[in-house]
Amino acid sequence: MVKLAMFGETYPSQLQVNPRALRDLEVVWVGASLESFRTEVPKLRPEVLALDFVDLGKVPEQLVPELLDVTGARHALVS
């Protein structure tokens, strides 16, 4: 089973509404705090990151590579 960490404002409520949507994945973390993500997610060793940003134009260019590096995830889905 693939381990997934989800960062974004809408993910927590989306999973509450439809908890079975990702039943084939092991969701190891869901939240909207970048600080919490950086401290909690690396020890959970996700394989994939789902990263939802309100305004992609304001996301620092190195943020996604940094999050991949710090977590050890192999892939990131960015929206």
Report task. Would you please give the residues with an amide H less than 5 Å from that of Ala76, counting only those at least 5 places away or on a separate chain, with H modeled from the backbone geometry? Result -> Leu49
Report summary line: Mean separation of Cα contacts under 8 Å (at least 6 apart) over the residue count of the chain, i.e. the relative contact order in percent, is 36 percent
Requested in this report: Provide the packing ranking of 16-25, 2-11, 53-62, 39-48, i.e. peptides ordered by the mean count of other C-beta atoms within 10 Å per residue, highest first.
Outcome: 2-11, 39-48, 16-25, 53-62
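Could you work out the helix-only [θ] at 222 nm for the chain, with each DSSP H run of four or more residues adding -39,500 (n - 2.57) and the total divided by the number of residues, to the nearest 500 deg cm²/dmol? The partial results should precede the final answer.
On the way: 3 runs with 23 residues, N = 79.
Result for the chain, helices only: -7500 deg cm²/dmol.
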**Report entry** Under 5 Å, built H, 5+ apart or other chain: amide partners of Val2
**Finding:** Glu26
Query raised in the report: If you bin every alpha carbon distance in segment 1-55 into 10 Å steps from zero, what whole percent lands in each bin?
Result: 24, 58, 18, 0
Query raised in the report: Which log10 I(q)/I(0) values, to two decimals, does segment 23-72 give at q = 0.26 Å⁻¹ under the Debye formula with one point per Cα?
Result: -1.15
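A short reminder: the numbers here are calculations on the coordinates, not readings from a lab. Quick caveat, the model's predicted, so the values are computed rather than measured. When we count neighbours, we look across all protein chains shown, and the Cβ atoms used for this are built from the backbone with ideal geometry, even at glycine.
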